[in-house]
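Some notes on the structure that comes next.
The values are calculated or read from the model by the stated rules, or taken from the named source; none is laboratory data. Just so you know, these numbers come straight off a predicted model, no measurement behind them. Here the Cβ is made from the backbone with ideal geometry for all residues, glycine too, and neighbour counts use every protein chain on show. What goes into the accessible areas is simple: the full protein's heavy atoms, side chains included, and nothing from ligands, DNA or RNA. Shrake-Rupley method; radii C 1.70, N 1.55, O 1.52, S 1.80 Å.
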Amino acid sequence: MDTFENPLDFNLLIVLPTMKTPIQFIVTCALAIACTTAAFAGGTITNGTATLQFVGTPIFNTSSGDANLTFPSIADQQSRYTWYVRTGVGTNSIFSASNTPVENYSGNTATITYSNAGPGPVGLSRYDANFTITLTSNASGQAMVNTTLVFTASATNTSTQTFNLFHVIGFDLGANGTADTYHVVNSSAVSGSITDGSNVVQFTGTNADRYEFNLGTTLNSEAGSGLSFFATAAGTTASDFSSAAGGVGMQFTRTLAPGQSATITTSYALNVPSPLAPSSVVSRKTHGAAGSFDIAMPLSGPTGVECRSGGTTGDYQLVLTFPTTVSVTGNPQAQVTAGTGQIGTAGVSNGGAVTVNGAVVTVPLTNVANEQNLTVTLGTVSNGTNTAAISVPMGVLVGDTNADRAVNSADVGQTKSCTGTTVNATNFREDVTAEGSINAGDVGLVKSKCGTALP
């Protein structure tokens, strides 16, 4: 079986109620896609048994943004796929409402080109936009759509301009009229899942600045009627949203000098197995009566920094939350595979045992040394479909209250400024002793760690 890997982002409209094999799509800004066997006025590209039909003449010239991607015997899971642009003159519009593009459809590739487009007058907020969309498929019913948007501020613009690109997609997974659930997996990457029973979409908005879950009609209305920003900033987790007519809105903000370009890419996968990756990983400590507070431990990029003391035996706790119920097997279930520490509590190893409660896995750590990056690996995690080992990197630097990976006078000053205040979600890092109050003991501990840093 051929497979497609490394999808780049999220957006495509699609359909496949009966299909259980993975489908991946890669998309880039401003293009409309969907799934159906009916003929449309827009262009069509094909590869193997897959057909991608764009609705609207010219392309994108519809507020619903419908398009159709179809295979034999696969019904259309109706979706909207639309792009809007807001220029420095403060006007929102669908791309094709501003200017008519040059469209070319040949074999499995479509190119859509806008030249000196935009609602602004010549010399102000004009742009060029070039979309390249390529469709590939295989005999197993998998398909990939690669789309790249190169967005260029017109060289005739008289000054640097800010452009907001809004992308709206919507689904009815299974084409059954029941609610689809939109869920954030990684708010910084703006990635997530859309599920309806066995139907699954995975999406990621690479380098998106904001996003929003809402009714598809509402998102189209917002993006087309003068909205400046979608509701949620990247890095902030939105609540799950369920609707049979839901959608995802993505916003890309780019400030470009005359002649300067930005490349925007997106990826999207339909009816693939749910990714076996936690939706969140945190280091959790209880601060006395103030309650428990979490520090995020991202799986990629710089490690999260745990700044709180583990006490005399270096005790910490990692909590992994998965999108669905999981099991953890292996002997041991977990182990420290890099750095100094053990699975256990109060200075005693428990042989690598973890606690599993539905979708939540709790890993107790003990004898964890300060001033280090360590890695904790779960042996075999299964969601009933996939199995994988999950490795979690964790930085430990007691006293690094501002998480800049070094303890110095800035951390001391920050802790002093919080002395006497109630421990809450905004200042719990300054309670480095995790006792539930910020006092001289915390200031003293931070001072004692000055000069330490993470490698």
How about region 55-96: which of its residues are at pLDDT 65 or above and farther than 29 Å from LEU173 by Cβ? ARG86, THR87, THR91, SER93
Cβ contacts < 9 Å: first residue within 16 Å of LEU397 (Cα to Cα), restricted to region 409-422; second residue of a type in the set (Lys, Arg) and outside any helix (DSSP H, G or I), any location; separation 6+ or different chain. Result? ASP411/LYS449
Kindly evaluate THR355 against the criterion of being at pLDDT 95 or above, under 28 Å from the mean Cα position of the chain (by Cα) and either open to solvent by 50 Å² or more (accessible area, probe 1.4 Å) or more than 23 Å from VAL319 (Cβ to Cβ) (or both). yes
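Can you tell me which of VAL368, VAL376, VAL363 is touching a residue at least 40 places away in the same chain (Cβ under 8 Å), in a loop (DSSP other than H, G, I, E, B) and crowded, with 16+ Cβ neighbours inside 10 Å?
On the way: VAL376 fails: in a loop (DSSP other than H, G, I, E, B); VAL363 fails: in a loop (DSSP other than H, G, I, E, B).
Exactly one of VAL368, VAL376, VAL363 is touching a residue at least 40 places away in the same chain (Cβ under 8 Å), in a loop (DSSP other than H, G, I, E, B) and crowded, with 16+ Cβ neighbours inside 10 Å, namely VAL368.
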Give region 181-224 a look and list any residue that's in contact with a His (Cβ under 6 Å, 6 or more places away or on another chain) and within 15 Å of THR266 (Cβ to Cβ), or say none. GLY192
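Report yes if ALA434 is buried (at least 17 other Cβ atoms within 10 Å of the Cβ) and either out of contact with any helix residue (DSSP H, G or I) (no Cβ under 8 Å at 6 or more places or on another chain) or among the small types (Gly, Ala, Ser) (or both), otherwise no.
When the stated conditions are applied, ALA434 passes them.
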Those residues of region 287-312 that are open to solvent by 40 Å² or more (accessible area, probe 1.4 Å) and polar (S, T, N, Q) come to a total of 3
Does LEU256 satisfy the criteria of being out of contact with any Ser or Thr (no Cβ under 8 Å at 6 or more places or on another chain), buried (at least 18 other Cβ atoms within 10 Å of the Cβ) and of a type in the set (A, V, I, L, M, F, W, C)? no
I'd like to know if region 241-258 contains one or more residues that are in a loop (DSSP other than H, G, I, E, B), modelled with pLDDT under 80 and closer than 15 Å to ASP172 by Cβ. no
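Name the residue, out of ALA223, ALA334, ALA277, ALA245, that is open to solvent by less than 40 Å² (accessible area, probe 1.4 Å) and farther than 19 Å from ALA359 by Cα.
Numbers: ALA334 fails: farther than 19 Å from ALA359 by Cα; ALA277 fails: farther than 19 Å from ALA359 by Cα; ALA245 fails: open to solvent by less than 40 Å² (accessible area, probe 1.4 Å).
It is ALA223.
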Within region 203-223, does at least one residue satisfy the condition of being touching a residue at least 40 places away in the same chain (Cβ under 8 Å), assigned to a strand (DSSP E or B) and polar (S, T, N, Q)? yes
Can you tell me which of (1) touching a Pro at 6+ places or on another chain (Cβ under 6 Å); (2) modelled with pLDDT of 95 or more is the one GLY314 doesn't meet? (1)
Hey, does region 329-352 have a residue that's part of a loop (DSSP other than H, G, I, E, B) and closer than 21 Å to SER187 by Cβ? no
Residue under evaluation SER448, criteria (1) open to solvent by 20 Å² or more (accessible area, probe 1.4 Å); (2) closer than 15 Å to ALA290 by Cβ, criterion not met: (2)
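Every residue in region 344-360 that is on the phi < 0 side of the Ramachandran plot and touching a residue at least 12 places away in the same chain (Cβ under 8 Å), please. Before the answer, list the steps.
Restricting attention to region 344-360, the residues satisfying the condition of being on the phi < 0 side of the Ramachandran plot are 345, 348-350, 353-357, 359-360.
Answer for region 344-360, where residues must be on the phi < 0 side of the Ramachandran plot and touching a residue at least 12 places away in the same chain (Cβ under 8 Å): THR345, VAL348, SER349, ASN350, ALA353, VAL354, VAL356, ALA359, VAL360.
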I want to confirm something. Restricting to region 407-455 and keeping residues that are over 35 Å from the mean Cα position of the chain (by Cα) and of a type in the set (Val, Ile, Thr), which single residue is nearest to ASN370 (Cα to Cα)? VAL443
Is at least one residue of region 278-287 over 17 Å from the mean Cα position of the chain (by Cα), in contact (Cβ under 8 Å) with a residue 24 or more places away in the chain and more than 23 Å from ASN350 (Cβ to Cβ)? yes
Collect the residues in region 97-130 that are at pLDDT 85 or above, closer than 14 Å to ASN164 by Cα, in contact with a Gly (Cβ under 7 Å, 6 or more places away or on another chain) and open to solvent by less than 10 Å² (accessible area, probe 1.4 Å), keeping them in residue-number order. TYR127
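Residues of region 143-202 being assigned to a strand (DSSP E or B), of a type in the set (D, E, K, R) and open to solvent by 10 Å² or more (accessible area, probe 1.4 Å), which ones?
ASP196
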